[in-house]
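Reviewing the structure listed below.
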Amino acid sequence: MANNKTIHEPLLHIVKRDNISIAKKISIYAIAILVSLLLGGIICSIVSPRGNVGKFFTSLYEGCFGTKRKTWLFFQEFSLLLAVSMALIVSFKMKFWNLGANGQILMGGLASIACSYYLGGKINESLLIVLCVLSSMLAGAIWAVIPAICKALWNTNETLFTLMLNYIASGLVNLFIAIWVTGGSGILNPLAYGKLPEIYNKYLLIVLFGIIITIIITIYLRYTKHGYEISVVGDSPNTARYIGINVKKVIIRTLILSGIICGIVGLLLTSGMSNNISADKAGNRGFTAIMTTWLANCNPLFAIATCGLVVFITKGMEMVRPTFGMLDDTISNLVIGIVYFFIIACAFFVQYKIVFNAKTTAILNKIATPFIWVYDKIKLGVLFIIEKIKPIFNKIVKKENTEKEDK
Amino acid sequence: MNNSVALELKNITKTFGKVVANKNVNLTLNKGEILSILGENGSGKTTLMNMISGIYYPDEGQIFIGGEEVIISSPQDAFKYKIGMIHQHFKLVDVFTAAENIVLGVNDKFNLKEVNSRVEEIASKYGFEIDAKKYVYNMAVSEKQTVEIIKVLYRGADILILDEPTAVLTPQETQKLFDVLRKMREDGKSIIIITHKLNEVMEISDRVSILRKGEYVATVDTKDTNEKELTEMMVGKKIDLKIERTETDFDKPLLEIRNLSINGDDGSRKIEDVSFYIRGGEILGVAGIAGCGQKELCEAIAGLRKIENGAICHKGESIVGLPAKEIIDKGISMSFIPEDRLGMGLAPNFSITDNMMLKTYNDNKGPFVDRKTARKNAENLIKKLEIVTPSTETPVRRLSGGNVQKVLVGREIESSPNVIVTAYPVRGLDINSSYAIYNILNDQKANGTGILFIGEDLDVMLALCDKIMVLCHGKNMGIVHAKKTTKEELGLMMTGSLDLAEVKNKEYGKAKDSHLTEKEWNEQQAENENKGGNDNG
C-alpha cells in the first residue's frame, strides 16, 4: 500500500444485539445487582468504622428477614408495591402513562377514612366496612378516570395531567385533616370505627390482596379479550381503530381498573393499618411502582422480581443504617441510588454490545490474561476440591444409609 | 492504484446481531459514471450505502477514496470526503426555504443572498428547476428531492448516493431527474443509484452491481446485459417477469361510490367529487402521486373517516356512517401499507398468532380469547403463503418486509371478503414476494372478489389491473382500460396535465347497471348530507 498516513480507527463502536437469551439477560442483571451491592457495601464500610462488607450483606438480609415480624413486614410492603405495579402495568401496557398512582392511592384512603369519620358508630360496623371498601374503589377510579376521559375525548397529555392530580389529592387530604383535627396538631388520631378485620395477623390480608391481584392481572392481560384489546391499543392505535376497537372505551375502562386497584391499596394503607390518614400515607409507592413496572417491561411476572428487589434493598438499608451507626439516611439513599442506577444502566447492555477494534481487543486480552489465569486456577481448584469431597460425601451418605438400615 | 476510481470498498462486512447485512462486499465506483446497485429487499443495499455515508461503521473491511484508505465514522467524515447521500425519506425543515435548508448545517458564515445566487447557479448548471426562496411546505415531492440533491452539491459532493429516488416520482419527473444525473456525469461526478425498477437501471446506469442476501454477486456493464439476466442474478434463480392478468367475467357492481368528497386531517379537501365502482372479479387500479387522497379514500371506505359529501354503497346498501366493525362484517377488507409498513392492520410487537385474531378475537363467547384457533390459522397461513418465520409466536416486526405483508394480506383474505381495498401491498417488496402478492390478488379476483388496488408502480398496474382510475389533487382525472392506455398517458393524468373527464366531456365512474336508480342515488346523497349536518351540529 502506497499510503503512509496513519489511520485512526475508532476505539470501539456499539452494535445492537439482535436477540439475547433469557439466561444471559438474567445473568447481566444479577451481576449488575451484585456489583452495585458490593460497591454499596464498600462505600458504607469506608464511611463507617463500625462495619465491613460482610456485615453489610448480613444486615441487608436481617433487615428483611431477621425476625418473624420483619419477614411479615417485608411481605406486606412487597404486596403493596406489587399491587400498585399491577395497576400501572394495565395502563402502561396501553401506553397510557399513569403517573398518578400516588394520588389515586391517597384518594382511596381519604374516601375510606371519610366514611369511617362521618358514619362510624352511626351505622352497623360491617356495613361501614363495606361502604369503606366501595368508596375507596370509587374514589381511586374517579381520580384515574378524569385524565382518561380527557385523553379519550380531547387527546390531552396524560403524563402531566395524572402527575398534577397527585398534588391535588395530597392537598385534599390536608384540607380534610384541617377540617377534622381541631387541635391544630395536624395529625389525625386513629379512628375507632371502620377498621378492616384481621386475618390470622395484621399483615396477612394485605399479603393475600397482593397475591390475588397479581394472579388476576396476569390472567387478565394474557388471556382475556379485554387484555388483548389493551395490548392492541398500546401497540398500534391505528390498527385498533381499524379493526373496530372502541379506543376511547378501552382507555376509560382500563383506567377505571387501574384506579380501583390503587384505591384499594389506599384503603389497606389507612383502614387496613393505623386507621388514620396523612398526606404522605402513599409513601411514594405510586412513583416507585413506575420504576418497577418499567423495569419489568410491563410483564406482571417480571414485576414480582423487580418489586421484590426494590423492597429488599429499601428494607435492608433500614437495618444497615443503625448497624453501621449512620445518623441520617444520606448514605443509605446513596446506596439505593447506586443499585437503581446499575439496574437501569443494564438496559443498555441488554440491548447493545460494545465491539472494540482489533488493537484494543489485543490490549484488553493482554490485561485480561492474568484474570483469566486466576479464574482458571480457581475453577480448577474448586473442581479439585469437589472431586476430593465427593468420596467423603459419598461415604457419609453411605454411612448414614447403613446406619439407618442397621436400625 | 487506478486514478479513475472514485470509491472502492474492500471486504466490507456488517452484522446486526445474528443478521449479516453485508458480507465481504467489494465495490468500485469510477469517476464520472453512474453505478446502479440492484438487490432484493434485505440484500443490504441501504446498509452498504449508510456505511459509505458514515451512518454505520463497518465491522470489517476498508473503504478507499481516490486510492487512499479512509475511516468514515460520521456523516461529517463523509462530507469531508465529498460524499453526499440523498435519502429515501427527505430530511428537510418544512418552514425553511430551499436556500435555508441547503445551508443548514454548513458551519461557515453565509449571506443568504449569495446562497440564493449560488443555488440558482448550481441549478442552471445541471438543469434543475428550483426557486431558492420557496418554502418547503409549499413544495411538491419532486421539488423537495431537488432541494436534497442541491444540498449535497452545494457542499461540493463529488460522490452522490441516491436511495430509491424514483419511487416517489411520476414517469415525466423521473425522466427529468435522469437528464440531470446525466449532466452531472458529464461534469465528472460519480453517482450511485439504488432502485428496484429494472427498466430504470437499464436506462440510466453505466454499470450495475448486484447484491444478494448481503453478499456481492457481480458487477456487469449495462450495455452487455438485459433485464432477465439481472433478475436472475438478483434472485438467484430463473423467474418469469410477466404479471398475469386473470380474465374473468365481471359481475354486477359490488362497491359503488358517487360524488364522494372527503377532508383530510387538516380540514383541507383531499378527495373531491369522485365517482367509481368495482365489479366482482375486477381489479380497479388507482394511480396518483403520493398524497393525492389515496389514504383518505381508503379510510372513508373502511369507515374510519367521515365523508363530507356523496355516497358509498355496498351491494346497493349505503355503508356511510357505519362503524368500522360492521363494514368489516359486510366483507369489505382494507389493507393499507403505510410507509413504515406496519402502521395499519398489524400490531408489530404481536406474534403472528395474535395478529391473526385481530379481527376475530371478539367472535367467540366468554371473556377469554381463543388463541388455539388463531394458532391453527397462523400455521395454515405460514404453510400456504410460504412465510419465513421461526415460529407462530414470533413478533411480526422481526419478520422481513415481504413476510409481514404476506401475513397482513393473507389474514385479510382468510376472512373471505368480497371487496378488497389494498393500498401499496407490495410497497418495498422484492420481486419474489411481490409476485406472491399478485398471485394472491389474482386468485381472489378469480373467486369473484372486487379489488381496489392503490399502487405506485405504473408498469405493475398496467399489467395487473383491468381498469385504472387516476387521481390528481383528489380529483378523478378519468378511468381508463389498462389494455388501451400507456404509461405516458397515465403520467400526464397524474400531474393534472391531461383531464380525460374534461377532454372527453364524460362523467366517469357511474355504472349503467347500478343497484340503485338515479333517483335513489340522489336521495342517498341528500341523506348523507343531512347526516353530516347533524354530526357537525
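The values are calculated or read from the model by the stated rules, or taken from the named source; none is laboratory data. Source: prediction; values computed, not measured. Here Cβ is always computed from backbone atoms with ideal geometry, including for glycine, and neighbour counts include all displayed protein chains. The accessibility values were calculated without ligands, DNA or RNA, using every heavy atom of the protein model including side chains. Shrake-Rupley method; radii C 1.70, N 1.55, O 1.52, S 1.80 Å.
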field: Single residue of region B:389-410 satisfying the filter (at pLDDT 80 or above and either closer than 17 Å to residue B:298 by Cβ or of a type in the set (A, V, I, L, M, F, W, C) (or both)) that is surrounded by the fewest Cβ atoms within 10 Å (Cβ to Cβ)
entry: B:396
- request: Give me a count of the residues in region A:50-79 that are among the aromatic types (Phe, Trp, Tyr), free of Cβ contacts under 8 Å to residues at least 60 places away in the same chain and more than 14 Å from residue A:308 (Cα to Cα).
  value: 1
message: Filter region A:180-208 down to the residues that are among the aliphatic types (A, V, I, L, M) and over 26 Å from the mean Cα position of the chain (by Cα) and list them by number.
response: A:181, A:187, A:188, A:191, A:192
- request: Could you pull out the residue among B:77, B:94 that is charged (D, E, K, R), within 24 Å of the chain's Cα centre (by Cα) and either within 14 Å of chain A (Cβ to nearest Cβ) or outside any strand (DSSP E or B) (or both)?
  value: B:94
- prompt: Being touching a residue at least 24 places away in the same chain (Cβ under 8 Å) and assigned to a helix (DSSP H, G or I), is that true of even one residue in region B:463-482?
  reply: yes
- prompt: Would you pick out the residues in region A:142-165 that are among the aliphatic types (A, V, I, L, M) and open to solvent by 10 Å² or more (accessible area, probe 1.4 Å)?
  reply: A:142, A:145, A:146, A:149, A:152, A:153, A:160, A:163, A:164, A:165
task: Spot the failing condition for residue A:298; the list is (1) surrounded by 15 or more Cβ atoms within 10 Å (Cβ to Cβ); (2) on the phi > 0 side of the Ramachandran plot; (3) more than 14 Å from chain B (Cβ to nearest Cβ), and only one is missed.
output: (3)
- request: Identify, from the list A:109, A:140, the residue that is part of a helix (DSSP H, G or I) and touching a Lys or Arg at 6+ places or on another chain (Cβ under 6 Å).
  value: A:109
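For (1) surrounded by 16 or more Cβ atoms within 10 Å (Cβ to Cβ); (2) assigned to a helix (DSSP H, G or I), each residue gets a yes or a no:
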{"site": "A:90", "(1), (2)": "yes, yes"}
{"site": "A:105", "(1), (2)": "yes, yes"}
{"site": "A:117", "(1), (2)": "yes, yes"}
{"site": "A:121", "(1), (2)": "no, no"}
{"site": "A:127", "(1), (2)": "no, yes"}
{"site": "A:167", "(1), (2)": "no, yes"}
message: Please verify whether residue B:154 is more than 24 Å from residue B:55 (Cβ to Cβ) and of a type in the set (Phe, Trp, Tyr), treating the condition exactly as stated.
response: no
query: Is it the case that region B:21-41 has a residue that's closer than 25 Å to residue B:235 by Cα and within 14 Å of chain A (Cβ to nearest Cβ)?
result: yes
- request: Mind listing just one residue for me: the one in region B:483-502 that is free of Cβ contacts under 8 Å to residues at least 40 places away in the same chain and not in a loop (DSSP other than H, G, I, E, B) and, of those, nearest to residue B:465 (Cα to Cα)?
  value: B:489
- request: With respect to residue B:335, determine if the residue is at pLDDT below 85 and among the hydroxyl-bearing types (Ser, Thr, Tyr).
  value: yes
- request: Determine which member of the set B:385, B:304, B:346, B:358 is touching a helix residue (DSSP H, G or I) at 6+ places or on another chain (Cβ under 8 Å), open to solvent by 20 Å² or more (accessible area, probe 1.4 Å), within 9 Å of chain A (Cβ to nearest Cβ) and of a type in the set (A, V, I, L, M).
  value: B:304
query: Residues in region B:159-187 that are of a type outside the set (A, V, I, L, M, F, W, C), open to solvent by 40 Å² or more (accessible area, probe 1.4 Å) and either out of contact with any Phe, Trp or Tyr (no Cβ under 6 Å at 6 or more places or on another chain) or not assigned by TED's automatic domain parsing to the domain that holds residue B:201 (or both): how many?
result: 9
query: Do you know which of the residues in region B:367-381 that are more than 10 Å from every other protein chain (Cβ to nearest Cβ) and either in contact with a Ser or Thr (Cβ under 6 Å, 6 or more places away or on another chain) or open to solvent by 70 Å² or more (accessible area, probe 1.4 Å) (or both) is farthest from residue B:453 (Cα to Cα)?
result: B:372
- prompt: Quick one: which of A:214, A:254 is under 26 Å from residue B:323 (Cα atoms), more than 14 Å from chain B (Cβ to nearest Cβ), of a type in the set (S, T, N, Q) and part of a helix (DSSP H, G or I)?
  reply: A:254
- request: Filter region A:13-36 down to residues that are loosely packed, with under 13 Cβ neighbours inside 10 Å and among the aliphatic types (A, V, I, L, M) and give me whichever is nearest to the other protein chains (Cβ to nearest Cβ).
  value: A:14
